[in-house]
Amino acid sequence: MISNRVKDLKESATLKINAQVNALKAEGKTIYNMTAGEPDFPPPAEAKRAVMDAVEKNLSKYTPTAGIPELRKLIAENANSQHPELAKTNPWKPSEVVVSNGGKQAIFDAILALINPGDEVVFGAPYWLSYPEMVKVADGKSVVIPTLLARDYKFSAQELEHVLTPRSKLLILNSPSNPTGTIYDRTELQAIGAVLARHPQVWILSDEIYDRIDFDGKWCSFLDACPELRDRTVTVNGLSKSGAMTGWRIGWSIAPQTLTSALISLQGHSTSGISSLSQAAAVAALKLPRENFAPFLKEYLHRRSLALEVLGKSAKIKVYEPAGAFYLFLDVREVLREKQNADGFAEKVLQDIQVAVVSGVDFGAPTCIRLSFATDEETIRTACERLADYCR
Ligand SMILES: Cc1ncc(COP(=O)(O)O)c(C=O)c1O
C-alpha cells in the first residue's frame, strides 16, 4: 500500500530512543537523557513578546510563500554582513531568500529541486541522519565519504575529488557538524572549492545551522571561503539552534535566483509560507545583536569541558573533542560485545544504567554513540560518570 518512495524510509533514531525513554519514565524510572538535539534555553524575551504582539494584532492570515518581506530582507542583510567580500561584489537580495519550516524543509526542498533519479549526492560520514533519507525520497544516490576520528572526522579535497563522477550533482557540507561537532576551516573549504571548480555540474548545499556554536572561532561560512561558487551554492540556516526555537520551525535557504524560484514553487504546493507568529519571532530575534548569543556559547563550552573531563576517566571510550555544535561523539568499539553494534549498546545502557544516548548507526557510524550536552550539568555529570564506569 505504501509507495516505494516512502516505505524504505527509516524511523528517526532520536524519536525511537525517546519513545523508550518515555516508556521507562512511565514506569517511574529516572533517566539521564543526553539525546536532545535542541537547546534547553528559552527563546529570547524579545521573540516571545513579538509572538504575543502578533497574536494581539490578529496576524492570523496566510503569509507569502517565501516569507514576509521584512524577514527576507533581514536574512539577506545578515548574510551580507557575514560575507563582507561577497557583499561588496554580489550582495544577497531578499528575493534570493526562502523562509521554510525549519532548516529541515529548506534542505529537503533543495534536494528535491536539484536531484533527478540516479543523480549522486555526496557527503561525509558520520552525517546528519536525515540526508540519506531525503536523497532516497528524491530517487537520488547517496555517495558517502568515510572519515576518521584521527583526522577530525573530515574528508580532504583529494578524497572528494576521488568520488566525484559526471553524475555527481550535489555536495552537502555540514560545518559545524551534527553528530561530530567537527568544523572545516577556511583553508580546508578553499581546497574543497578548488576541486569543485573542476566539476561545474556539482551544486553545494552548505548546512550552517550550528554556525553560532563555534568554540575556537574557526568556523567559516562556505561562501566566505569560496565566493566564486555563489552561483551554485545554497546555504541553509535557521533559528532552531541559535535562537533556541526548535518548535517554532524557522529555517531558510539563500540561493541564486534560478534555484530560489523553484524552491518557492515547491513550497507553494506543499506547506505554503510558515506561521505568521513564527515569522514575527524571527524578525525580533534577527534584530538582536550577535553578542546576545555569547552567554550560551560560554555555557556550552563549560558543559563540554565537564563532559570531556568525566568521560576521560574511561580509556576505552574514544571521545572526539568537538569544535562546534553541542554534541559529543564517542567511539565505543572497544566495549561492544560480539555482534553488538551501537544500537544494541544504546539500548543496553538505557536499561542497565538509565542513560539515554543516540546510536551512531543511523549517522553512518555503527560503533559510535552521540551525547548531547544541551542539557543541565547534573544530567551531564551523572550520565557521563555512569557511562565511564560502565565502559571501564
Ligand atoms: C545538521 C542539521 N541540519 C539541519 C537541521 C534542521 O533543523 P530544524 O529543522 O530544526 O531547523 C538539524 C536539526 O537537528 C541538524 O542537526
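The values are calculated or read from the model by the stated rules, or taken from the named source; none is laboratory data. These numbers were taken from a predicted model, which means no experiment stands behind them. So basically every Cβ, Gly included, is an ideal-geometry build from the backbone, and we count neighbours across all protein chains shown. Surface areas here come from the heavy atoms of the whole protein model, side chains and all, with no ligands, DNA or RNA. Shrake-Rupley method; radii C 1.70, N 1.55, O 1.52, S 1.80 Å.
Only a single item in (1) at pLDDT 95 or above; (2) within 16 Å of the ligand (Cβ to nearest atom); (3) not small (Gly, Ala, Ser) is not met by Lys241, and it is number (1). The set of residues in segment 260-280 that are under 21 Å from the mean Cα position of the chain (by Cα) and not hydroxyl-bearing (Ser, Thr, Tyr) comprises Leu263, Gln267, Ile274, Gln279.
When you look at Leu330, is it more than 16 Å from the ligand (Cβ to nearest atom) and buried (at least 21 other Cβ atoms within 10 Å of the Cβ), yes or no? Criteria met by Leu330. Only one entry of Thr65, Thr89, Thr14 meets the criterion of being in contact with a Gly (Cβ under 8 Å, 6 or more places away or on another chain) and modelled with pLDDT under 95, and that entry is Thr14. All told, Thr14 meets the bar of being within 22 Å of the chain's Cα centre (by Cα), within 16 Å of the ligand (Cβ to nearest atom), in the same structural domain as Arg386 (by TED's automatic domain parsing) and in a helix (DSSP H, G or I). Hey, could you check segment 196-238 for residues that are among the acidic types (Asp, Glu) and farther than 27 Å from His162 by Cα and say which is farthest from the ligand (Cβ to nearest atom)? Ranking the qualifying residues of segment 196-238, first place goes to Asp216.
Pairs meeting the criteria (first residue in segment 8-37 and closer than 15 Å to Asp352 by Cβ, second residue away from the ligand (no atom under 16 Å from the Cβ) and open to solvent by 90 Å² or more (accessible area, probe 1.4 Å), beta carbons under 7 Å, at least 6 apart or on different chains) are Ile31/Lys25.
Tell me, please, whether a residue that is away from the ligand (no atom under 16 Å from the Cβ) and either within 21 Å of Lys298 (Cα to Cα) or surrounded by fewer than 19 Cβ atoms within 10 Å (Cβ to Cβ) (or both) can be found in segment 173-186. Checking segment 173-186: at least one residue is away from the ligand (no atom under 16 Å from the Cβ) and either within 21 Å of Lys298 (Cα to Cα) or surrounded by fewer than 19 Cβ atoms within 10 Å (Cβ to Cβ) (or both). The test for being within 16 Å of the ligand (Cβ to nearest atom) and either free of Cβ contacts under 8 Å to residues at least 24 places away in the same chain or surrounded by fewer than 21 Cβ atoms within 10 Å (Cβ to Cβ) (or both) does not hold for Thr258.
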